[in-house]
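Engineer: I have a structure I would like to understand better, so I am pasting it below and will then ask my questions one at a time.
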Amino acid sequence: MEVIKGSSMMIKTARTLIEDGWSFVQDEFDVIISAENKFTGEAVSFPSIGNLKRWLYEKALSY
């Protein structure tokens with residue numbers, strides 16, 4: 001994944017998650033479809049953009 005640019009809450013949360021060991025998998029349309037934490041092995045898939053947004057929002061609240 002290239003450098004993430006922007007200043008929205010979602011972008012800031014994604015940056016923080018990457019620093020904490022999360023990696024994101026994107027499809028051929030550059031849409032994030034899953035995330036995995038390389039330290040804990042936790043993995044999450046996102047069947048829709050709404051699921052991704054909700055997951056990022058919940059993660060942001062936990063920081």
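Read-outs throughout are calculated quantities, based only on the coordinates presented, and are distinct from any laboratory measurement. Values in this document were obtained by computation on a predicted structure and should not be read as measured data. Using ideal geometry, Cβ is built from the backbone for each residue, glycine included, and neighbour counts are taken over all protein chains shown.
Engineer: Which GluC sites (Glu not before Pro) in the stretch 8-50 sit in a loop by DSSP (not H, G, I, E or B) and have at most 14 other Cβ atoms within 10 Å of their own Cβ?
Structural biologist: GLU28, GLU42
Engineer: May I ask you to derive the relative contact order of the chain, considering only C-alpha pairs under 8 Å and at least 6 residues apart, and to give it as an integer percent?
Structural biologist: It comes to 26 percent, rounded to a whole number.
Engineer: Here's something else I'd like to know. What translational diffusion coefficient, to the nearest whole µm²/s, does the chain have by Stokes-Einstein, given a Kirkwood radius computed over alpha-carbon pairs, a temperature of 10 °C and 1.306 mPa s viscosity?
Structural biologist: Reported coefficient: 133 µm²/s.
Engineer: Work out which trypsin sites (Lys or Arg not before Pro) in the chain are exposed loop sites (DSSP not H, G, I, E or B, at most 11 other Cβ within 10 Å) and give the longest gap free of them.
Structural biologist: With trypsin sites (Lys or Arg not before Pro) excluded where exposed in loops, the chain gives 6-37 as its longest stretch.
Engineer: Got a sec? Charge dipole of the chain, +1 on Cβ for Lys and Arg, -1 for Asp and Glu; which of LEU52, ALA14, SER62 is way out at the positive end?
Structural biologist: SER62
Engineer: So how strong a dipole does the chain carry about its Cα centre when Lys and Arg Cβ are +1 and Asp and Glu Cβ are -1, to the nearest 20 debye?
Structural biologist: Rounded to the nearest 20 debye, it is 300 debye.
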